[in-house]
Structures are given as structure tokens and as C-alpha cells.
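The values are calculated or read from the model by the stated rules, or taken from the named source; none is laboratory data. Keep in mind that what you see is a predicted model, and the values were worked out from it rather than measured. Note: ideal-geometry Cβ built from the backbone for every residue, glycine included; neighbour counts use all protein chains shown. Side chains are part of the model used for accessible areas, which takes the heavy atoms of the whole protein and leaves out ligands, DNA and RNA. Shrake-Rupley method; radii C 1.70, N 1.55, O 1.52, S 1.80 Å.
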Amino acid sequence: MAQRPAGARRAEILRAAAVLFAERGFHGVTIDDLGRAVGTSGPALYRHFPGKEALLAAVLIDVSERLAADARARAAAEPDPREALRAMLRGHIDFALTEPALITVHDRELGNVPEPERRRVRRLQRGYVEQWVAVLARLRPGAGAPVLRAAVHAAFGLLNSTPHSAGELPPERMGALLLEMATAALLAES
């Protein structure tokens, strides 16, 4: 049997942990549950993470880093700010529709992440918001940064509602609806 690269194994563990934490809550999942989910024993996970709290922290840090990197790349690829905004929205919508467990875990479990890693997650999230604010400032130059930040957070609330709202529509239709609504929300004059 061929060995998987270490990064692929880590990604597999993070995905499985996100699903289990979303379904059962952090305290409802044991290290053995996590091991079984990826076809190994619970204690074998200690080769990758020092404990369940570290695994939860890694889940939230990983998604925060991926979102920030994706938004940065999308914004850099589009010189027109309106197109940059739409590209960033498409990226976040794709995340929201394909990884709703991560949204649920973040909403419910951030308090279970050890303090140093929690601060890191928050720092990454603030940086992600500021990327959006920078693009919006080019589209709404008269709006102050506090207004733009509030608009971004409100739009994230809309987009991150997918664990509760995405089931009835096909993903393509839900994605189009979210893109239309979030664009209108972000560009609305206050």
C-alpha cells in the first residue's frame, strides 16, 4: 500500500475532526472516535497532534489560513475592485457550501481552543476581514472602515448561514442566491 504524503494525512484528520466536532460537539467526541474516523487508533493521532484541544485548534487555524490565502489570491488576480469582490465572494460561498461543518465548529467550539491558539485564530480572522474591507473601500470610498467592517461581518453572517439554509436548494442555485444577496448587502449605501 502506498504511503500518503504527511500533508494529505493531516488534511484527512482535520476534515474528519471537523465533521465529528460539528455533529457531536467537542466534548462529545473522544480521541478514539477521531482515530476510528480516519482508520486508525485514537492514540495513533498523537503522532500528529498532542491532544484533542490541539486538533481542534489546528482545524480552526487551518480554515482561517486557507480562507485568508484564497481571498488574497482572488483579490490580487482581479484589478477591478467589483470583480475582486465577486471573486472573493465566490471563494467564501464555495467554502460555505462545501465545508459547513467548519462553520458549525467555529461557531460552537472556539471557546474550547487553548488561549494562545484562540488568539491566533482571531488574528487570522481579523486579517481576513481587513482584506474584504480593503476591496470594499475602493468601491465605497465615502464609507469609513467601521461601516465597511460591519458590512463584511453582516455578509459573513449571511454566507455562513449555510449549515442551516443550504439543504433545500441545489448548490448551484444556493451559490447564485448567496452571491446576489451578499453583493447587494456589501454594496448597499448606509
Quiz item: Taking segment 22-60 on its own, how many of its residues are aromatic (Phe, Trp, Tyr) and not in a helix (DSSP H, G or I)?
Solution: 1
Quiz item: Which pairs have Cβ atoms under 7 Å, sit 6 or more apart or on different chains, and link a residue in segment 158-172 that is of a type in the set (Ser, Thr, Tyr) to one that is open to solvent by less than 40 Å² (accessible area, probe 1.4 Å)?
Solution: Thr162/Ala96; Thr162/Ile103
Quiz prompt | Flag if Arg82 is assigned to a helix (DSSP H, G or I), surrounded by 20 or more Cβ atoms within 10 Å (Cβ to Cβ), basic (Lys, Arg) and over 10 Å from the mean Cα position of the chain (by Cα) | solution = no
Exercise. Would you please name the residue that is modelled with the lowest pLDDT, looking only at residues in segment 2-21 that are small (Gly, Ala, Ser) and in a helix (DSSP H, G or I)?
Key: Ala6
Practice problem: Return yes or no: is Arg72 surrounded by 15 or more Cβ atoms within 10 Å (Cβ to Cβ), modelled with pLDDT of 95 or more and either over 25 Å from Gly157 (Cβ atoms) or of a type in the set (Lys, Arg) (or both)? | Solution: no
Quiz item: In this structure, is Pro163 open to solvent by less than 60 Å² (accessible area, probe 1.4 Å) and part of a helix (DSSP H, G or I)?
Solution: yes
Self-check item: Considering residues of segment 155-176 that are closer than 23 Å to Arg140 by Cβ and of a type outside the set (Gly, Ala, Ser) only, the residue farthest from the chain's Cα centre (by Cα)
Solution: Leu158
